[in-house]
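Since the structure comes first, as structure tokens, the remarks are kept for the end.
Where a number appears in this text, it was derived from the coordinates with a stated rule and is not lab data. What you are looking at is a predicted structure, and each value in this text was computed from that prediction instead of being measured. Using ideal geometry, Cβ is built from the backbone for each residue, glycine included, and neighbour counts are taken over all protein chains shown.
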């Protein structure tokens, strides 16, 4: 009997462990949902989509161009991401020339780490994608040059990491369908040439960007595997490993998805919109089984005009295609990204001389110098400690109003009170690690060598004036 119970217990334990692993595999411990946006004004709609149905802190991929380094605009974008709980994936780009994107120059690379590091990001992991599909000539100044791209990538990794180690640097996604014709280079050849130019380039990356589209023709099925499929990242990682890559790179699928027939003009080469909704639902189920995948941001949320009208999830009239509702309704989970949680005490209004048996109302002005919205996740721990055990002051801890949250760069005033005892003494308080000294004296004590009667009177007048101002 005992042996049967023991075997039963072992079976139940194994079942629990297996179910735990299955839960993890199905993405229950992370939120991989995201979307590719082209305009900062689309963040509200993006939040509806990817933070719905239990989700939180989903991902948005967006492009910042070299000719659009407006700090006010992009800080507002970062602030909005923070409020809406969206993790930004920033892909840097140059600018459009006639027929193609301009090729970046080594001389202009410094501007990227200077600009991106000047922004207060919403989360500690600051994800940056280095340009886009460089195995297409139209994305690299009219030519394909893997050696040049590898050198630019290496340089930007170094510049970004040296300026701020919180930068999380990813490669530019490559065109898996490129076949070496029409101004393209086969991705396998391109990666091989990159490795020849910078032998350890893939080990310098923090993660891997993949454009895992269901190609050719965007009519592949979710079940397809290998190159030109929604699991094309597996084929890419195998190549990287064969070229000396030793890291287990997390995967960020920043472009994927199926275009729909419907657009400015119907295109029968693609699936109709309800079929596309079914396909993307199944695809997210498949991606959720692979814990290497950190995010999937299909292309594109809102571009209902040519040339991306068939890829757009939103219509020109503001409505949405069935694909939007399908993904919005999927069960999601919460990410809990790490944020820099720090603040500084700007000013403490606390008298350093107080009479016995006296209560003073004090103020602390604090400034949020981190990335967090103070008070959003937890109560603010603003601690005042007595450093003496005897004759200690009675200190009321500051109360933080949960409805009055403090955003980065903003200040807030906290109120607290200090009550003195019955004896003259010097007291020390520690307020968030900084020491403050308060001397308590008995009024009209002529024997007090530290506090003359005149000084006591002057101090009392100051306290009365403070009380009057408070009223």
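Below, the figures for the structure above:
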item	result
Principal-axis tilt of helix 273-288 within the chain, Cα atoms, nearest 10 degrees	60 degrees
Shape call, the stretch 343-470: gyration tensor on alpha carbons, a/c limit 1.5	prolate
Modelled FRET efficiency - R0 35 Å, residue 361 with residue 83, Cβ distances, 0.05 increments	0.60
Spacing of the two label points (7 Å from each Cα toward its C-beta) at residue 107 and residue 467, in nm	7.1 nm
Angle in degrees between helix 232-242 and the longest Cα principal axis of the chain, rounded to the nearest 10	80 degrees
Value at 222 nm in deg cm²/dmol, rounded to 500, when DSSP H runs of n ≥ 4 in the chain each add -39,500 (n - 2.57)	-9500 deg cm²/dmol
Extension gain from residue 334 to residue 151, taking 0.36 nm per residue of separation minus the Cα-Cα distance	62.1 nm
For semi-axes √(5λ) of the Cα gyration tensor in Å, calculated from these coordinates, the label among [x] 42, 25, 22; [y] 36, 25, 19; [z] 56, 28, 23	[z]
Taking the chain and dividing mean pair separation by its residue count, relative contact order in percent (alpha carbons under 8 Å, at least six apart)	14 percent
Percent of beta bridges antiparallel (DSSP, the chain, rounded to nearest 5)	50 percent
Centre separation in Å (Cα based) which lies between the stretch 75-149 and the stretch 191-217	16 Å
Simple spin-label estimate for residue 446 and residue 179 in nanometres, 7 Å along Cα-Cβ	10.8 nm
Added length on full extension, which subtracts the Cα-Cα distance from 0.36 nm per residue, residue 415 to residue 114	104.5 nm
Inter-label distance for residue 383 and residue 192, nm, one decimal - labels placed 7 Å from Cα along Cα-to-Cβ	6.0 nm
Normalised contact order of the stretch 343-470, rounded percent, pairs of Cα under 8 Å and 6 or more residues apart	29 percent
Potential extension, residue 342-residue 268 segment - 0.36 nm per residue separation minus Cα distance	21.1 nm
Anisotropy class of the stretch 50-135 from Cα gyration tensor, a/c 1.5 cut	prolate
Calculated FRET value between residue 225 and residue 436, using beta carbons and R₀ = 60 Å, to 0.05	0.40
